[in-house]
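To start, the structure under review is shown below, and the notes come after it.
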Amino acid sequence: MVWFVIVLAVVVLFAVLFFSGYNRFVRQRNLIDNSWSNIDTELKRRYDLIPNLVETVKGYATHESSTLGAVTEARSQAMAQTGSPEQQARTENALVGSLKSLLAVSEAYPDLKANTGFVELQRELVATEDRIQAARRFYNNNVRDYNQRVQSLPTNVIAALFHFERRQYFEIDEAVARSAPDVTFGSA
């Protein structure tokens, strides 16, 4: 009778561990999906800002049509991408590169840099980039924790049984580089 109780206790313990491990995988997978949707929301916010930025620059820099066209094309490709985080990152990095070119063009036009609408759009782009990077870090942290469980013993057994696959990280460049302000002291 004692052996039966011991065996029953061990079986119950393994069942509890098994089901709690499975449920934790489900919670983590849902958290990753939710954090990916946060990234998607912030990317859409950036996509919505780009046409306004392009139109503002277009008014001042009419002969920069190749740069403006590259930004518009990269935006279209990024918006159309619905694949894996790795595929999304490729199109996002192309968009980021074209945005950097667009912002570099603005440096050659003092009137554009002084335009309050353009300055406000740049501020909004910086704020959006901050939100994208925060959402990306949150997503990647969740992916890291999930992937560790998928690869670690004994949870990798549950992962293999129920096809919990490793997830991809989302790595993109920042469209707006942050730099420390230059401080110069005039000679006294």
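Taking the condition surrounded by fewer than 18 Cβ atoms within 10 Å (Cβ to Cβ), closer than 19 Å to residue 167 by Cα and among the small types (Gly, Ala, Ser), does residue 84 pass? Against the criterion (surrounded by fewer than 18 Cβ atoms within 10 Å (Cβ to Cβ), closer than 19 Å to residue 167 by Cα and among the small types (Gly, Ala, Ser)), residue 84 qualifies.
Here the helices (runs of 4 or more DSSP H) wholly within region 1-109 that include at least 1 residues being among the aromatic types (Phe, Trp, Tyr) and touching a residue at least 60 places away in the same chain (Cβ under 8 Å) are 2-60. Only one of the numbered conditions (1) in contact with a Gly (Cβ under 9 Å, 6 or more places away or on another chain); (2) in a loop (DSSP other than H, G, I, E, B) is violated by residue 149, and that is (2). Looking across region 87-125, the residues that are of a type in the set (Ser, Thr, Tyr) and surrounded by 15 or more Cβ atoms within 10 Å (Cβ to Cβ) come down to 91, 98, 101, 106, 109. Only one of the numbered conditions (1) under 14 Å from residue 46 (Cα atoms); (2) among the small types (Gly, Ala, Ser); (3) touching a helix residue (DSSP H, G or I) at 6+ places or on another chain (Cβ under 7 Å) is violated by residue 106, and that is (1).
Give the residues of region 16-32 that are loosely packed, with under 13 Cβ neighbours inside 10 Å and within 30 Å of residue 130 (Cα to Cα), sorted by residue number. Break it down stepwise before answering.
Initial filter on region 16-32 (loosely packed, with under 13 Cβ neighbours inside 10 Å): 16, 19-20, 23, 26-27, 30.
If the condition is that a residue be loosely packed, with under 13 Cβ neighbours inside 10 Å and within 30 Å of residue 130 (Cα to Cα), then 26, 27, 30 are the ones that fit.
Quick note: the coordinates plus some simple rules give every number you see, no bench work behind them. Keep in mind the model is a prediction, meaning the values are calculated, not measured. No Cβ is skipped: glycine too gets one built from the backbone with ideal geometry, and neighbour counts run over all protein chains shown.
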